[in-house]
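Taking it in order: structure first as structure tokens, then the write-up.
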Amino acid sequence: MKEAGLISARAAPAEVEATVPLSRPLEEVARSRAQEDRGRRLFSLGQVGVTLGATAIAFKASLLSLASGFPGHLALGALALVPLFALLLAVEIAVRGKRPEPNIHDRYLDYILGLALLGGATAAMWLLPGTMSIFFWSWRLDLVWLPFFAAGALTLLCGTRALWRYRVPVIFLFLAWPLPYVAARIPAATAAVAILGLGFILLALPISLPLLRETVSVGARPGGGLVAGALVCAAAILTTVADRQLEAAAPLLEPDGQSRLAAAATPATSVDGLLRSVSTNSPNLPSWGSSADRQTYRYASSEATLPGTGTAGDAGIVVDVMAPTDGRVLALSPLTLATLQGYRLEASRMADLGGGVAAHVDRYRVPGESVSLLLVWWDWPVRSAAGSRAERIIVERLVPTDSATRDGDLLRFARGLAGSMMAQASAGS
């Protein structure tokens with residue numbers, strides 16, 4: 001008995017000594033997890049920072065244009081505060097840390113959704129200005145694609161769960177689009193007070209409501225790494241190049257996005273050495289609509305031969321200015337009208353006329369004739385007593401078929417014509 005008691009007495013301290021050091025690994029595990037959580041949080045903040053930086057760089061010209069009219073235009077000054085409130089909302093969400101969010105842990109979904117949003121915004125900024133001409137910038141559609149770009153970059157870098165977490169600041173960016181305020185004729189003071197009030201309310205209220213159960217895998221870093229970052233940076237570079245077209249379109253726009261080209265602007269009396277005269281359409285030229293909605297001019301030189309044609313007695317260059325009171329008259333493009341009249345399209349491309357104006361350059365084969373029709377046309381908004389309306393300029397010229405590919409002279413003339421009309425509108429405003 002004494003031996004048994006002695007043995008148990010000896011064994012007890014040993015067991016105690018064996019159990020004491022076990023608390024140290026638990027402390028180390030807790031410390032390592034805290035460090036890992038801190039590192040993961042810093043990594044997430046870095047991803048959000050890259051998203052904000054890429055969006056600011058991509059839409060630099062658009063964001064600066066919002067603040068350019070403050071404080072002269074009160075509504076415009078309030079719109080300039082929309083990105084600031086969105087930034088404050090994003091910072092508030094980041095400081096609060098993770099909130100209950102959807103149980104989504106699929107990087108394939110992140111890439112599918114992120115690339116769709118980011119690629120769609122980048123493609124729209126590149127393709128729509130060439131298709132819609134100055135109307136893209138007059139309606140400020142660049143600010144419509146700003147939230148889509150931010151959402152796509154956030155999804156690629158931080159994941160779909162982060163997009164849900166930052167949904168309020170992303171949606172808030174849509175308030176920077178000025179067209180609804182102009183179309184609804186909302187007073188400037190009302191728009192400013194509404195935006196400021198809504199911004200402060202969102203900052204004061206909790207952003208994420210505890211409606212969903214949070215499930216975050218320990219040790220898992222949401223979002224993408226170098227590949228996603230490279231995609232976002234490439235999209236930002238491409239988008240900022242396209243967004244800089246706004247600077248070239250600024251001469252045609254008021255600070256609130258309305259057209260400033262006066263409807264009374266007429267083509268110059270002399271363009272590229274050719275003199276203007278009122279004329280009617282040539283029999284070989286297609287009809288572009290009722291004569292009540294358009295004015296036709298003819299440009300020709302005093303010489304018998306125009307530059308680049310080599311044909312004596314050239315009919316010259318015909319310019320049609322169409323400014324109908326009903327915008328639906330311009331629903332049919334010159335391509336559709338010419339095709340209906342038997343003209344066959346041989347080539348078509350886009351060209352920059354300067355001042356943010358993109359023009360269509362088309363070449364047609366004239367039916368039953370050995371000549372071709374060169375066409376340069378574009379639409380732009382003009383200002384009149386009844387408000388902003390669309391105007392179409394059509395520059396056309398008949399040339400021998402063998403010289404149909406030489407459209408440089410007509411394009412140079414169109415650039416001079418557009419520049420003279422913009423200069424006349426600027427001088428009269």
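Nothing in this text is a laboratory measurement; each read-out follows from the coordinates by a stated rule. Bear in mind the structure is a predicted one, so any value in this text is a computation, not a measurement. Glycine also receives a Cβ, built like all others from the backbone with ideal geometry; neighbour counts cover every protein chain displayed.
What the table below lists for this structure:
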item: 37 °C / 0.692 mPa s Stokes-Einstein diffusion coefficient of region 131-178, Kirkwood radius on C-alpha pairs, µm²/s; result: 283 µm²/s
item: Sum of side-chain charges, Arg415 neighbourhood, beta-carbon under 13 Å (Lys, Arg +1; Asp, Glu -1); result: -3
item: Residues Glu92, Glu369, Glu396, sorted so that the one with the fewest Cβ neighbours within 10 Å comes first; result: Glu369, Glu92, Glu396
item: Extension gain (nm, one decimal) between Leu127 and Glu346, 0.36 nm per residue minus Cα-Cα; result: 76.6 nm
item: Estimated distance in nm for a label pair at Ala56 and Leu337, the labels positioned 7 Å out from Cα along Cα-to-Cβ; result: 4.8 nm
item: Using θ = phi - 60° and Karplus 6.51 cos²θ - 1.76 cosθ + 1.60, couplings along region 391-401 (whole Hz; Gly, Pro as x); result: 9, 10, 10, 10, 10, 9, 7, 8, 9, x, 4
item: Calculated P(r) tail over 17 Å for region 316-429, as whole % of Cα pairs; result: 57 percent
item: For Val278, Val91, order by how many other beta-carbon atoms lie within 10 Å, fewest first; result: Val278, Val91
item: Residues Ile134, Ile201, Ile171 arranged by fewest to most Cβ contacts within 10 Å; result: Ile201, Ile171, Ile134
item: Residues with amide H under 5 Å from that of Leu253, placed H, sequence gap 5 or more; result: Arg260
